[in-house]
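The next block holds one structure in the form of structure tokens; read it before the comments.
Just so it is clear, none of the values below were taken in a lab; they were calculated from the coordinates. If you're wondering where the values come from, they're calculated on a predicted model, not measured in any experiment. Every residue, glycine as well, gets a Cβ built from its backbone with ideal geometry; the counts of neighbours run over all protein chains shown.
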Amino acid sequence: MSDSRQTATYLSKRLAAAGLRPVSRFGQNFLIDLNLVDLIARSADLRKTDVVLEIGTGVGSLTTRLCDQAGAVLTVEIDNNLHRLASEELAGRPNVRLIHGDALRNKNSLRSDLMEQIQDAMQRIGSEARFLLVANLPYNVATPIISNLLHETPTPDTMVVTIQKELADRIIATPGNKDYGALTVWIQSLCKAEIVRILSPKVFWPRPKVNSAIIRLDRLPGAREKFADVAHFHRTVRSLFFHRRKFLRSVVISAMKNSLSKSQVDEILQRLEYDETSRAEQLSIQQIQDLAEALRVAEIESS
């Protein structure tokens, strides 16, 4: 594909010639500003020892840039027709592997063969290999893709992705902000997050109804290892924000109703010196981490 031809007009004609059109249920919005496609790839600081996962191959515009700069690229496309089209565009590039299918096994996990292939590629490269997610993520899978990858081994060293600005705002939010929630705490507990660029709808085809953002997430060294049970931490954080407007004591009692008594919850809150009438959204990341760990230990001691 000639880069100079990637415009809304070109893409619409290219897809029409193949008998295709964007499928809304797959969250298909093609980034037509090639300067921004370049920015996504450039923001990942790729090197030849990198293994890159891309979710949403599309017509392969970003993929070509990734495979030119990285050691190996695993790219996944759910749409059969786009997968065929991208296969034609990416033919002859030995460091690219295309997968046709859904990247998610379910909303709580990735399909297992993805991580197996990532691990295989990293082993071939050797000890210097890094794992990155670089993608113009389909809106409808952005949250589970990012969230689930933080549970995986290996965890991405860096993620550079295009997502809805609303989601980016939730990821970078601070305590007390209306966007601050379970996703904020989960991601910021493991990653440094920054918005690279805000994107208007006009740089996509078809144009979405909302603004988008390129966001970069960098894994914090040693952050995951400090959690005795990272899955338990994630579950606890989600439960603390399930009723975000309720007072902290009420929320914790509800979340722990099957494992801790009210008196045990009160003792933990008093020991941590947390005001029981505050709300989870007012606690810092560290305060929530301390609370989740205290609850985990109390559950073990009570079992």
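Quick notes on this structure:
- Distance histogram in 10 Å bins (all Cα pairs of the stretch 230-302, percent per bin): 21, 64, 15
- Most positive-pole-ward Cα, V237, V265, I300, against dipole of the stretch 230-302 from beta carbon charges: V237
- Those aspartates and glutamates that a straight Cα-Cα span of less than 15 Å connects to K246, excepting residues fewer than 8 apart in one chain: D275, E276, E281
- Structural descriptor for the stretch 22-173: relative contact order 26 percent, calculated from alpha carbon pairs under 8 angstrom and at least 6 residues apart.
- Most mobile listed residue (A231, A168, A255) in the chain, GNM with C-alpha springs under 10 Å: A231
- Gain in span if fully extended, E299 to D38, counting 0.36 nm per residue against the direct Cα distance: 89.1 nm
- Cα centroid separation - the stretch 151-206 against the stretch 214-278, whole Å: 21
- Pairwise FRET efficiency - K209 versus Q123, Cβ, R0 = 30 Å, nearest 0.05: 0.10
- Percentage relative contact order, the chain, counting C-alpha pairs under 8 Å, at least six apart: 15
- Taken about its Cα centre, the chain carries a charge dipole of roughly 1000 debye when the Cβ of each Lys and Arg holds +1 and the Cβ of each Asp and Glu holds -1.
- With one equal scatterer per alpha carbon and no solvent term, the Debye-computed log10 I(q)/I(0) for the chain at 0.07, 0.09, 0.11, 0.14 1/Å reads -0.31, -0.50, -0.70, -1.02.
- Share of Cα-Cα pairs in the stretch 42-182 lying beyond 19 Å, as whole percent: 51
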